[in-house]
Each structure stands twice: as structure tokens, then as C-alpha cells.
1. Using a 7 Å offset from the Cα along the Cα-to-Cβ direction at both ARG147 and TYR160, what is the distance between the two label points in nm, to one decimal?
2. Extending each Cα 7 Å along its Cβ direction at LEU198 and ILE171, get the distance between those two points in nm, one decimal.
3. Find the all-direction average of the projected area of the Cα convex hull for segment 95-216, expressing the result in square nanometres with one decimal place.
4. Compute the acute angle (0 to 90°) between the alpha-carbon long axis of helix 171-181 and the principal axis of greatest extent of the alpha-carbon atoms of the chain; round to the nearest 10°.
5. Hey, could you get me the Stokes-Einstein D for segment 103-157, Kirkwood radius over alpha-carbon pairs, 4 °C and 1.567 mPa s, rounded to whole µm² s⁻¹?
6. Between beta-carbons, use under 14 Å as the cut-off and find the net charge around GLY192, counting Lys and Arg +1, Asp and Glu -1.
7. Determine by what factor the alpha-carbon radius of gyration of the chain differs from 2.2 N^0.38 Å, reporting the quotient.
8. Residue by residue, what Karplus-based ³J(HN,Hα) values in Hz, rounded to whole numbers, does segment 39-55 have, using 6.51, -1.76 and 1.60 with θ = phi - 60° and x for Gly and Pro?
Amino acid sequence: MPQVIDLSKDSPTLRGVNMIVGDGLCSNIFVVGQDEATIIDTGVGNRLNPVWPQLEELGVKPGNVDKVVLTHAHHDHAMGAFLILEKATPKVYVHSKDAKYIASSLGDALVKVDEGDVIDTELWPLEVIWTPGHTEGGMCLYAREPRILFSGDTAFPDGYFGRFDGESGSIDDLIESLRKLTKLRVDVMLAGHGVPVLQGAEDNLKLALRNAELYS
């Protein structure tokens, strides 16, 4: 079963943030807050990754799920949203350029967002940073205070970066997106896959940019 991790045990900055580590081809799921929880990415939503047992372990009941935010519309990040919608009634936030891949299935729950939009959470506001490259509508979420970046599949730990060979991927767009991220003040990076980067996040982003530029 997926593992639940209280991230505040390793970083006081992340008080109120929990991580669900999925099994197999499944994104990380981040749960921000508890009473009015915002869920960032939802995993693949299969039998091995049922989402609700882990949310209940965290004390998040259906009535506590306020928002779901998808960093992009790939199935390993987005399909768990439909399990959540079976019991809860959150709005589901997707970048406008990725919404076409999932809009018909979300119906009235869908909220399209774009660069610079702000999504309020129980803990702090999250700014939408449009980061195409992995997908056309890929986005990161940035808390300016306390300098936390949810990087989706744009940047990963140890200077890795997202694949760009999918239907709407582009290495040139990915490089520009990484360049944009290196201009942010970031202490902690929480990626769609891999372990949290709890220190040196800015250096990690610079390394990802350098590696992507070398690859191209």
C-alpha cells in the first residue's frame, strides 16, 4: 500500500504538508492542510493506489477535500482525481492548455488556470507557474513564503528533468521553463516523482537546467 509521510518531521517549513508515495507508475500526492485540504496531483487511481485510505489515515474526510490541483493531465498524476470525486466535491484545477485532455470527464468540477493565477490553500497561496515542456499545459505551484515549489514533472531531484517526447512535449520549451524556475527563490522542492528536496533546491534547479541544455 502507498506510504504516508509527514514532511514536517524533516522540515519545519512543511508543517501541515503530507506526502503519499504511490506504488508502481504513480505520481507523488501532496496533501496541503487538513480541515480544508488541497491535494496536489492524485496518482494513477488504480487498485494499488486507492487514495482514500491514505487520506483517511491523515484525517482528511470527504467533506475536508476543498481543492485538487493537477500539475498536468498525464494519467499517473490525474486519474486518482476521479476516485476523489466519487466521495468528495472539490474543484479540480488544471492549466488551460492541458484541460482539453480531461475537461469532458471533470464537468463542473473543472477550473482552468493560467500563468500567474493564485490558488488559495489552508496554509499559503500557491502561484501558478506555467512550465511547458513535459506537456503543453504543465505547471508548477509556488509558495513565495515559505519558498516551496511543487515542480510536477518539470524538475526532479538530483538535477533530473521531465521527459519531453510525449504528444505535446518539447525540449526547447522545457529548457525555457527550467530557466524560469531558476529565477525563483526556492528552499524546498516537492516533485511529482522522487524524494523531497529539503535543502539546496535552487542549486537542484540550476543543475536540471544545465543538464537539459547539455542534452539538447
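Values quoted throughout were computed directly from the atomic coordinates according to the rules given, and no laboratory measurement underlies them. In this text, all values refer to a predicted model and were calculated from it rather than measured experimentally. Note that each Cβ is placed from the backbone with ideal geometry, even for glycine, and that neighbours are counted across all protein chains shown.
1. Placing both labels 7 Å beyond Cα along the Cβ direction yields 2.5 nm.
2. Output for this residue pair reads 3.5 nm.
3. Directional mean of the projected Cα hull area for segment 95-216 stands at 7.5 nm².
4. 80 degrees
5. For the chosen part, D equals 106 µm²/s.
6. So the surrounding residues net to -3.
7. 0.92
8. Karplus-based 3J(HN,Hα) across segment 39-55 equals 9, 9, 6, 10, x, 7, x, 9, 4, 6, 10, x, 6, 5, x, 6, 4 Hz.
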